Every structure is written in C-alpha cells, then in structure tokens.
1. Output ³J(HN,Hα) for the range 207-218: one whole-Hz value per residue in order, computed from phi by the Karplus curve 6.51 cos²θ - 1.76 cosθ + 1.60 with θ = phi - 60°, and x for Gly and Pro.
2. Each residue of the range 25-32 in turn: what ³J(HN,Hα) in whole Hz from Karplus with 6.51, -1.76, 1.60 and θ = phi - 60°, glycine and Pro shown as x?
3. In nm, what is the difference between 0.36 nm times the number of residues separating Arg121 and Asp47 and their Cα-Cα distance?
4. With a point put 7 Å past each Cα toward its Cβ, work out how far Arg35 is from Glu191 in nm, to one decimal.
5. Could you give the semi-axes, largest first, of the ellipsoid that matches the range 12-240, computed as the square roots of 5 times the alpha carbon gyration tensor eigenvalues and rounded to whole Å?
6. To the nearest 500 deg cm²/dmol, what mean residue ellipticity at 222 nm is calculated for the chain from DSSP H runs of n ≥ 4 alone, each contributing -39,500 (n - 2.57), summed and divided by the residues?
7. Distance between the C-alpha centers of the range 33-84 and the range 92-143? Whole Å please.
Amino acid sequence: MTVTVGSTVEGGAVQDLMLIELEAPIERWDDPEVRRHLGEIIALKRDGYRQYYDFPVAPVDTLDYVSTHLLTCRRSSGELLMAWRVTTCAQTERYGLSFPPDTYAAQWPQLGQHLGRARERAAESGGTLAYCSRWTARPSLRRDRRLFVHLGELASAQHAAIREHQRIAESFMSAVRRLHLEGLYARNGFEPLRLGDVDMEVRVPHLRGETCLLMHCQETSAWSRQVALRWEELWTKRCVL
C-alpha cells in the first residue's frame with residue numbers, strides 16, 4: 001500500500017506523515033492489513049497508557065471492532081505515531097452495543113436527558129452523535145517537541161474533518177482529570193458538561209475508577225476548522241480501509 005502525501009504544514013518530519021482511516025475492523029476482518037493495523041493500535045495504546053499508570057490497564061474493548069480509528073503514521077517506515085477512536089450512535093446501534101455516554105447516565109441521571117436532547121437535534125439535522133476516545137501518541141515522541149505539537153494539532157484537524165465526513169452533529173468525550181487536558185480539548189470546541197455549577201465527573205472502570213470529566217462539543221471551534229484547512233491535503237489523501 002503506497003500513499004503519496006503532501007501538506008501545507010512545513011517540515012521534513014511532518015511531510016513524512018500519512019493518515020489511515022480504519023472503518024469498523026470487524027467488517028473487514030478477512031483483510032490482513034486491517035488485522036495488522038488494529039494490532040498496532042492495541043500495542044500503541046498499551047505502551048501509551050503504561051506511562052501514566054503503575055498498574056496494568058487494558059485500553060481495548062468491543063467497540064474497537066466496530067468504531068472508526070484514525071491513525072497517523074510515518075510514510076517512510078509505516079511506524080504508527082498516533083491513534084484515536086470515534087464511535088457513533090449509528091455504529092453502536094448497528095451492533096446492538098451501548099453508546100458510551102449512555103453508560104455514564106447511571107452515575108449522572110441528568111446526562112440521559114442531555115443526551116436525549118442531543119439526539120433530537122442530531123435527528124433534525126440528519127446527523128448522528130459520536131464519542132471520541134483513546135487518544136494515544138507514541139511515548140518516545142515527547143522527545144521531539146515540535147513533532148509532538150504538530151500531532152496534537154493534527155488530531156484537532158482530524159476531529160473537525162471526521163465530523164463533516166461522518167455527518168456527526170455533536171460529539172462527546174471524557175478527559176482524565178489528573179492529566180489536565182481540558183484546555184486542549186476546549187480549543188476544539190468541547191465544553192465541560194455541568195449540572196448547575198458542578199462538573200459531571202465519572203469513574204471509569206477500565207482505568208480502576210480514574211476520575212474523568214465529561215465534555216460535549218456541539219460545534220467545532222473556529223480554530224479547529226482553521227487547523228483542518230491547514231491539514232486538508234493530508235486528510236484528503238488518507239488511506240481508507
């Protein structure tokens with residue numbers, strides 16, 4: 001598989017990037033490339049999560065097989081540098097699975113009402129809802145600060161692009177509190193979900209009860225859309241599997 005990539009963003013390391021969109025791996029499981037990429041994603045997340053936890057974590061679940069994965073790799077070597085996952089209501093409904101934000105409604109009953117209104121708005125616009133999760137970058141990249149910053153910007157561009165591509169009307173996510181990434185996500189248009197003055201925080205089972213802040217993006221930010229334009233050529237030339 002050969003992909004020729006260009007970008008309006010300057011820099012040799014950046015020019016060596018390529019994107020892969022991996023759609024619902026379970027539906028393409030006979031393709032060895034699909035199985036290989038999903039295995040690489042799991043390995044990347046294992047290594048990425050290990051740097052933050054002193055105990056074993058398994059950042060993998062059934063949704064990995066039915067969701068959309070966005071991969072950023074080196075074109076020259078194929079090395080996976082960054083990956084994250086987008087799960088839509090349409091995907092979970094197709095397979096009879098729970099949409100992740102719905103599972104948190106047990107901790108915050110008011111969240112169910114919020115999701116109900118979001119579903120109504122999405123239906124009126126002909127779109128769907130999405131949950132963004134499991135963003136991970138290769139730990140060694142932190143030594144290359146410039147490339148690491150570019151990857152963060154690229155993830156923002158991907159979020160804006162995938163929302164348009166999959167007709168995502170609104171998106172949700174959960175941010176690990178102790179990593180203090182809320183400001184980064186806010187740049188993309190995500191806002192904390194609140195009940196009055198109280199943030200909606202949830203305990204995440206697969207992270208041994210780690211406290212996370214629920215966030216909601218009703219509209220991508222102007223900054224995120226501008227960044228998407230900078231990376232548009234890279235997105236347009238992505239490989240879709």
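1. 10, 6, x, 4, 7, 10, 9, 6, 10, 9, 10, 7
2. Working through the residues one at a time gives x, 4, 7, 10, 5, 6, 7, x Hz.
3. Between Arg121 and Asp47, full extension yields 22.8 nm more.
4. 4.7 nm
5. Details: eigenvalues 137, 79, 73 Å².
The answer is 26, 20, 19 Å, longest axis first.
6. On the way: 9 runs with 91 residues, N = 241.
Value at 222 nm, helices only, nearest 500: -11000 deg cm²/dmol.
7. 19 Å
Each reported figure results from applying straightforward, stated rules to the coordinates on display, with no laboratory input. All values derive from a computational prediction rather than experimental measurement. Ideal geometry is used to build each Cβ from the backbone, glycine not excepted, and the neighbour counts take in all protein chains shown.
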